[in-house]
1. Please specify each residue of region 60-88 satisfying the condition of being within 19 Å of Gly441 (Cβ to Cβ) and either among the hydroxyl-bearing types (Ser, Thr, Tyr) or without any contact (Cβ under 8 Å) to a residue 60 or more places away in the chain (or both).
2. With the requirement that a residue be open to solvent by 70 Å² or more (accessible area, probe 1.4 Å) and either of a type in the set (S, T, N, Q) or assigned to a helix (DSSP H, G or I) (or both), what does region 422-432 give you?
3. Could you look through region 122-145, keep only residues that are of a type in the set (Val, Ile, Thr) and modelled with pLDDT under 85, and pick out the one that is farthest from Tyr204 (Cα to Cα)?
4. Leu223 passes all but one of (1) among the hydrophobic types (A, V, I, L, M, F, W, C); (2) over 30 Å from Ile136 (Cβ atoms); (3) at pLDDT 80 or above; (4) open to solvent by 60 Å² or more (accessible area, probe 1.4 Å); which number fails?
5. Suppose the filter is surrounded by fewer than 15 Cβ atoms within 10 Å (Cβ to Cβ), of a type outside the set (Val, Ile, Thr) and modelled with pLDDT under 80; does Leu454 pass it?
6. Identify, please: which residue in region 68-88 is open to solvent by less than 20 Å² (accessible area, probe 1.4 Å) and under 17 Å from Lys3 (Cβ atoms) and is, among those, farthest from the chain's Cα centre (by Cα)?
7. How many residues does region 180-205 hold that are basic (Lys, Arg) and either modelled with pLDDT of 85 or more or under 18 Å from Asn162 (Cβ atoms) (or both)?
8. Considering Lys283, Lys265, Lys240, which residue is modelled with pLDDT of 70 or more, within 28 Å of Tyr177 (Cβ to Cβ) and not β-branched (Val, Ile, Thr)?
Amino acid sequence: MKKLDKLIIRSFIGPFILTFAVVEFILLTQYMLKYLDELVGKDLGASVFGELLFYFSINMAPVALPLAVLLSSLMTYGTLGEHHELTAIKTSGVALPRILRPVFIFVAVLGIAAFFFNNNIVPKANLKAYSLLWDIRQTKPTMNFKEGAFYNGLPGYSIKINEKLGDGGSIRDVMIYDHTQGGNNSRIILADSGRMFTEHNDSYLVLELFDGNIYVNQSNNTLQSTSEDQFVRQRFEESKIMFSLSSFDLSRTREEYFSDNKMMKNIAELNVVTDSLTNLSQKERDKFISNVDPFYMYMKVDSTGTKIGGQAIIRKELDKELPDMNASTLVMAKNKARNIKSFTGSYIERVNSTVREANNFEIEIWKKYTQSASIIVMFLIGAPLGAIIKKGGLGVPVIISILFFIIMYVMSILGEKWAREGLLPVPVGMWASNAILVPIGLFFLYQARNDSSLLEVDFWRKMLTRLKRNKL
């Protein structure tokens, strides 16, 4: 490797690492905000949330890499142009493609590594991330007893504490409804004061109550109370009630339950599911005629004439005189037409649903290729554009990078949507954004190679001059 290549690579690596970390942080923050309400108040510890953030950061990496490459290439070559280093290199006889070559090789290797990372590592990280997120969602929030309000977080109990005294767990005026035996408030506990604390490594909550009464309903456990209900009162000076806190612990679900999702599969597994769904939709189409045939009762003939004597049968059937129409016949025909329409509509919807599901899995296959290819496409846009605008830092490059990233993202979403609905073949829809951006990158490369400004189109002027010269 020549000194020039080392200089350019070192100039690129630093901004790339910085921009990748920043973009990864922004995307991860934006993604985690969707689940913020379900994560707070669970008191699961920093290790659980750190694990969740780590897995989701792996999920965000394929999306962050193209934007990081675009921004870092803009900064690198913009800084070289701003400090006139790019001009000095060109003056020494080195062409622009040669200047771009070391970083292009690095980006190409990065794109290949990103493909294998996206195919092998990301599905496993998604499986662990979403299974952990499901378990966190199912975990109850930590206990929060508010003064004067009933708390129903403990199974089978409704507890109201009217006053909390300091931080030592002392409480006053406690009311507890015990529903563990069923019925309508069959056991009620009232206490003047008490103390609340946990035992056995926070596995149990203990309510130590003082100076209270227990009212037990001795009547039948009906939902409606009557005037004949009898309560037995038991007075106590001190009583302890222990509540299990196992329902507040994080219980892990088996990851196999989530493995059928498309985000948890690699290309080989996605191909198997896609082929199965495609074959299933084709079988459903082939069985439509046999399924709809029982709805027709009066004239079953070979209308295509493919069977032996089919045309003769048709003529023979058509020569028959039809019976006179009456009200019952018309009603029957209308009902059968309505049944056929309803059956056909539901059948088509079922087939379309299978096709959309197959398209979803095929989209996930092509996404692994297109996300890796977009890294190279973003370099083809960012590097020549940086050489043209000759601006480094985080000002103009950030604005231009966000603009092109939004363009790529919007086109990717549109192509994915059209492919899912069958408006475009799935490969065409998934590669559309890259196919549109590549000519833009090549145009910027042409402009940068000829030392043209961004909007100066010498190519078209020369082409028009040549056409006029040839009298075309």
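The values are calculated or read from the model by the stated rules, or taken from the named source; none is laboratory data. In this text, all values refer to a predicted model and were calculated from it rather than measured experimentally. Backbone-built Cβ (ideal geometry, glycine too); neighbour counts: all protein chains shown. Surface accessibility is based on the protein's heavy atoms, side chains included, excluding ligands, DNA and RNA. Shrake-Rupley method; radii C 1.70, N 1.55, O 1.52, S 1.80 Å.
1. Ala68, Ser72, Ser73, Thr76, Tyr77
2. The answer is Val428, Trp431.
3. Looking at the filtered set, the residue picked out is Ile136.
4. (3)
5. Considered against the rule, which asks whether it is surrounded by fewer than 15 Cβ atoms within 10 Å (Cβ to Cβ), of a type outside the set (Val, Ile, Thr) and modelled with pLDDT under 80, Leu454 comes out as yes.
6. So the residue we want is Leu86.
7. Residues in region 180-205 being basic (Lys, Arg) and either modelled with pLDDT of 85 or more or under 18 Å from Asn162 (Cβ atoms) (or both): 1 in total.
8. None of the other options fit; the residue is Lys240.
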